[in-house]
Each structure stands twice: as structure tokens, then as C-alpha cells.
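Report on the following structure.
The values are calculated or read from the model by the stated rules, or taken from the named source; none is laboratory data. Small disclaimer: the values here were computed from a predicted structure and weren't measured. A quick note on method: Cβ atoms are made from the backbone with ideal geometry, for glycine too, and the neighbour counts reach across all protein chains shown. These accessible areas exclude ligands, DNA and RNA; they are computed on the full protein's heavy atoms, side chains included. Shrake-Rupley method; radii C 1.70, N 1.55, O 1.52, S 1.80 Å.
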Amino acid sequence: MLRMHRGIAVAEDDVGRVIAAIKDEGLSTGGQRRPVEVWPLAGPRMLLEGDVDSIDLRPGEARPAVYAADAYGAMHYACRPNRIAGGGVPLMIEFDAPSQEVCVDGNDLLYVMFSRIARIEVARSVLEACYGRAILDYAERAWATDDPMLRITLCDLAVWDPEVVAAHHANRLLIRGKSATLFRSAFKVMLPVAATAIVAVRRVEECPPEPRFDVSIEALTL
């Protein structure tokens with residue numbers, strides 16, 4: 001099981017109801033404005049060894065999912081000005097998820113690193129530090145091709161690799177990704193999350209200051 005954190009913001013009048021509902025019912029929709037879906041992909045490393053161009057990346061039915069992160073990343077998201085404007089109240093949700101129902105969310109850093117990198121030597125060390133050595137098997141293949149769609153496919157495989165998921169979950173470097181997001185790890189977790197998996201739901205009484213980040217997307221792509 002992997003410990004996950006999710007940050008949301010709700011109206012002041014809804015705080016008690018939302019906290020009680022999550023504790024009693026778990027997460028079934030994630031409360032997201034735009035639905036998130038994932039297509040679980042088993043054995044990404046075996047697929048990597050075959051003809052990557054012919055891989056069906058959407059086998060079976062899509063599963064609804066919810067974004068999650070490390071504790072600081074979730075709190076930073078919940079406390080962003082656009083989330084709490086007009087009196088929004090940030091909440092933190094802490095829950096456990098089976099590792100096989102989790103994939104890395106590569107939207108704010110990983111897909112860019114596979115597709116548009118100016119400093120490959122630096123990127124290589126950053127990827128290993130933040131996502132583990134296993135990620136390099138996918139990244140090196142991506143950097144060796146000029147086909148942009150193949151690069152994306154290779155990243156699509158990497159985010160489901162259990163070794164990559166575990167290493168990213170253990171990452172302690174603070175990353176500044178797209179749109180100034182700050183996180184140490186970012187994931188998509190399949191829904192539903194049962195009430196028994198909810199560890200805590202609490203109001204964030206004080207939003208944290210922004211600490212100095214260790215990795216920035218700008219430094220890798222410029």
C-alpha cells in the first residue's frame with residue numbers, strides 16, 4: 001500500500017459535509033471538475049522489449065481516477081490562490097492505495113522531459129533521482145528517436161512501471177513543474193477509494209510558505 005495525499009478546496013459552508021462524506025463514503029468521484037481516466041497497463045517492461053509502435057495503450061475499459069501527491073504537494077495545490085479565492089477552504093485528504101492501482105502523473109514534468117529536453121545529461125541525473133534508475137530504460141529510448149508520438153508512448157509505459165512508481169513515491173526532492181506546481185511526487189489513483197482506506201481528512205489551518213525547490217522544469221528545457 002502507498003500512502004497518498006489529496007488537496008482540495010471547498011466553500012466554507014460545505015466543509016463539515018464534505019469531511020463527513022469522505023470519511024463515511026470514501027472517494028468515488030474525486031470532486032474534480034474534469035473527469036480523469038486511466039487505462040491500467042500491466043507489464044510495461046515486457047512491452048518495452050517488444051514493438052513499442054504497435055502497443056495498445058488503452059486495453060480494456062477506462063477506470064476513473066483521482067489526482068494525488070505527497071503531503072506538501074497536495075497542500076500546495078489546495079492552497080493555491082485560484083483554489084481559495086472567494087473564501088475557499090483548503091482540505092487535506094490522506095489515504096492508502098494499492099500500488100497496482102497507482103500510476104505516476106507525468107503531466108507537470110515527466111512528459112516534457114521525455115519530449116523537449118535541452119540538457120540530457122542533467123535530465124538523466126534528475127530522472128534517476130526523482131523516479132529511480134528504472135525510468136532511464138524508457139527515457140533513453142525516447143531521447144534516441146525523433147518521433148514525438150513514440151516519445152509519448154514510451155512515457156505512457158514508464159508511468160505504469162511498478163519500480164518507477166515506488167521510486168517516485170520515495171522521492172524527497174522538491175520539483176517545480178509546469179504552471180509553478182510544487183511537488184515531490186504526483187500520481188493518478190484509480191477510483192473508488194473505500195472509506196476504510198481513508199486515514200484522515202482535515203482542514204488546512206495555515207497554508208505553508210513556498211520552500212526553495214530542488215528541480216525546475218525551466219532549467220531542464222531552456
Pairwise label distance in nanometres, residue 23 with residue 221, each label 7 Å out on the Cα-Cβ vector
4.1 nm
Rounded if a/c under 1.5, otherwise prolate or oblate - segment 99-221, Cα gyration tensor axes:
oblate
Expressed as a whole number of Å, what is the distance separating the alpha-carbon centroids of segment 151-182 and segment 94-146?
5 Å
Order 177-184, 135-142 from most to least packed using the mean count of other Cβ atoms within 10 Å.
135-142, 177-184
Let a ≥ b ≥ c be the square roots of the eigenvalues of the Cα gyration tensor of segment 90-167; is it rounded (a/c under 1.5), or, if not, prolate (a/b larger than b/c) or oblate?
prolate
To the nearest 500 deg cm²/dmol, what mean residue ellipticity at 222 nm is calculated for the chain from DSSP H runs of n ≥ 4 alone, each contributing -39,500 (n - 2.57), summed and divided by the residues?
-9500 deg cm²/dmol
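On the accessible surface of the chain, probed at 1.4 Å, how many percent belong to carbon and sulfur atoms?
Its accessible area is 51 percent carbon and sulfur atoms.
Around residue 190, with a cut-off of 9 angstrom between Cβ atoms, what is the net charge of the other residues, counting Lys and Arg +1 and Asp and Glu -1? Please report the intermediate quantities before stating the final value.
On the way: positive: 63, 188; negative: 101.
My count for the surroundings of residue 190 gives +1.
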Segment 58-123 shape via C-alpha gyration tensor axes, a/c threshold 1.5:
oblate
Matching label, volume of the Cα convex hull per residue in Å³ computed from the structure shown, candidates (1) 198; (2) 134; (3) 120:
(3)
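What percent does the relative contact order of the chain come to when contacts are Cα pairs within less than 8 Å and at least six residues apart?
With pairs under 8 Å counted, the relative contact order is 34 percent.
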On average, how much accessible surface per residue is there in the chain, in Å², for a 1.4 Å probe, leaving out ligands, DNA and RNA?
51 Å²
Along the charge dipole of segment 67-222, pointing to its positive end and built from +1/-1 on Cβ of Lys, Arg, Asp and Glu, which listed residue (81, 200, 129) has its Cα farthest out?
81
Between helix 15-25 and the chain: long-axis angle, C-alpha atoms, 0 to 90°, nearest 10:
60 degrees
Residue 134 neighbourhood, Cβ < 12 Å, K/R = +1, D/E = -1, net charge -3
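Report the net charge of residues surrounding residue 214, where surrounding means a beta-carbon distance below 14 angstrom and charges are Lys +1, Arg +1, Asp -1, Glu -1.
Result for the neighbourhood of residue 214: 0.
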Among 91, 115, 67, pick out the residue whose Cα is farthest towards the positive end of the charge dipole of the chain, where Lys and Arg carry +1 and Asp and Glu carry -1 on C-beta, about the Cα centre.
91
